[in-house]
Structure formats: structure tokens, C-alpha cells
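Following: one structure in C-alpha cells, then a few remarks.
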Amino acid sequence: MAREKIEEAVEKIVNDIIAGTGLEVVDVEYIKEREWYLRIFLDKEKGIELDDCQWVSERVEAKLDELDIIKERYYLEVSSPGLDRPLKKNRDYVRHKGDKVEIKTYEPVDGQKVLIGTLVDLIDDIITINIGGAEVHLPKEKVAQVRLHIDF
């Protein structure tokens, strides 16, 4: 099965497992580093806890063993996406309206490839951020990555 199909199948399995729990799948990635890794990133309103990760991991592992959709040997990791998580899905943009984000673009915008501002909205694949009182509109296809920005 192709990597993308595995990720889609696992996301559906996880969504079925966590239905009604308040947990949310942020992302699923099946990636080969030295070994194959299946990473599931979860979140919930007040933050993810280790017990949540363990509970999901046990159930996903049992379901994947039963369905046998991954033929390679792999490591299963279930965790939080972290404080500086990337925004990937439309619901990520809705949840983080008003939060500070860091946007990396493929091409410079006003001479910069990294923009930091407050997320205003995502409408019709146009990301709007506020930088120092000015709104900047960026088409999603020109954006390499959007992450929550953490000030230290």
C-alpha cells in the first residue's frame, strides 16, 4: 500500500477510535528515516496528556495488527504535535485565529521569506496575517509552511 494511502487509512482508524473522546487527530505521517515510523499527532482542548497517547497507541496497535495494512516493520509513535506545531488542515487555521504564526514562503514577500504575524483568517486558500497593523494576504500555494510562533 502506498505511503499516502497508509496515512489516510490510519487517520480513519484513529478517528474511529477517538470518536467522542475530545481528542483530535492533528496529523498522521508514515515516513522512512533509517526505519519506518508511523507517527500520530493528537491534540485536545486543554492539551494532550501521556495517558491519552498511551490509550490511543494501544488501540491503534491492536487494530493495525488485526487489519495488517502495513507490511513493513515500523515504529508507532503517538504524541502531541508540540507548541510550535505546523498548521496543515483548515480546522487548524480556525482554531488558531488570533495566534501568532510564523510563515515560510517559497519566494520572498517584500524581501523576506519568513513572516511573523497574527493569524487573521484562511479563506479560499488565502492566508491573512496581521503584521504591525497591516494585513498581508498569501496564497496557500506560495507558502512552504505555517507554524505557531513561540516567543522566548
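Read-outs: derived from the displayed coordinates by stated rules, not from any lab. All values reported here derive from a predicted model rather than from experimental measurement. Cβ placement follows ideal geometry from the backbone for every residue including glycine, while neighbour counts extend to all protein chains displayed.
Which of the lysines could a cross-linker span from Lys63 if the Cα-Cα distance has to be under 21 Å and same-chain partners fewer than 8 positions apart are dropped?
Within the straight-line limit of under 21 Å, Lys63 reaches these lysines: Lys5, Lys12, Lys71.
Compute, for the stretch 1-142, the length of the dipole vector about the Cα centre, with Cβ point charges of +1 (Lys, Arg) and -1 (Asp, Glu) only. Units Debye, rounded to 20. List each step's numbers first, then the result.
Numbers: 23 positive and 33 negative charges, 57 e Å.
For this selection, approximately 280 debye.
How would you rank Leu42, Leu23, going from fewest to most other Cβ atoms within 10 Å of each one's own Cβ? Mind dumping the intermediate values first?
Working: Leu42 23, Leu23 20.
Fewest-to-most ranking of Leu42, Leu23: Leu23, Leu42.
What is the Å³ per residue value for the convex hull set by the Cα atoms of the stretch 1-136?
Numbers: hull volume 19.3 nm³, N = 136.
So the per-residue Cα hull volume is 142 Å³.
Taking the Cα atoms only, what angle lies between the long axis of helix 3-18 and the longest principal axis of the chain, rounded to 10 degrees?
Around 80 degrees separate the two axes.
Could you give the length gained by full extension between Tyr106 and Asn90, i.e. 0.36 nm per residue of separation minus their alpha carbon distance, to one decimal place?
Working: separation 16, 0.36 × 16 = 5.76 nm, distance 2.02 nm.
That works out to 3.7 nm of additional length.
So what's the net charge close to Asp121: Lys and Arg +1, Asp and Glu -1, counting the other residues with Cβ under 11 Å from its Cβ?
-1
Just going by the charge dipole of the stretch 23-92, with Lys and Arg at +1 and Asp and Glu at -1 on Cβ, which of Leu64, Leu50, Val25 is farthest out on the positive end?
Val25
Under the rule of at least 5 residues apart or a separate chain, name every residue whose amide H is placed under 5 Å from the amide H of Val26.
Correct list: Phe41, Leu42, Asp43.
Enumerate by residue number the trypsin sites (Lys or Arg not before Pro) in the stretch 49-86 meeting two conditions: DSSP loop (anything except H, G, I, E, B), and at most 11 other Cβ atoms within 10 Å of the site's Cβ.
Values: sites: Arg59, Lys63, Lys71, Arg73; in loops: Lys71, Arg73.
Passing sites in the stretch 49-86 are Lys71, Arg73.
What dipole magnitude, in Debye to the nearest 20, does the stretch 3-79 give about its Cα centre under +1 on Lys/Arg Cβ and -1 on Asp/Glu Cβ?
So the dipole magnitude of the stretch 3-79 works out to roughly 200 debye.
For His149, enumerate residues with amide H under 5 Å from its amide H, sequence gap 5+ or separate chain, H modeled in the peptide plane.
The list, which skips near neighbours in sequence, is Lys100, Val101, Glu102.
At most 14 other Cβ atoms within 10 Å and a DSSP loop assignment: could you name the trypsin sites (Lys or Arg not before Pro) in the stretch 91-130 that fit? Don't skip to the answer; put the middle values down first.
Values: sites: Arg91, Arg95, Lys97, Lys100, Lys104, Lys113; in loops: Lys97.
When the trypsin sites (Lys or Arg not before Pro) of the stretch 91-130 are filtered for loop state and at most 14 Cβ neighbours within 10 Å, Lys97 remain.
Where the only charges are on Cβ atoms (+1 Lys, Arg; -1 Asp, Glu), what is the dipole of the stretch 90-148 about its Cα centre, to the nearest 20 debye? Don't skip to the answer; put the middle values down first.
Details: 9 positive and 10 negative charges, 51 e Å.
In debye, rounded to 20, the stretch 90-148 gives about 240.
At each listed q (0.14, 0.25 Å⁻¹), what is the log10 of I(q)/I(0) that the Debye formula gives for the stretch 90-148 modelled as equal alpha-carbon point scatterers?
Treating every Cα as an identical point scatterer, log10 I(q)/I(0) equals -0.31, -1.05.
So how tilted is helix 50-67 from the main axis of the chain? Cα-based, degrees 0 to 90, rounded to 10.
For helix 50-67, the angle is close to 60 degrees.
Got a sec? Charge dipole of the chain, +1 on Cβ for Lys and Arg, -1 for Asp and Glu; which of Ile103, Ile150, Leu38 is way out at the positive end?
Selected residue: Ile103.
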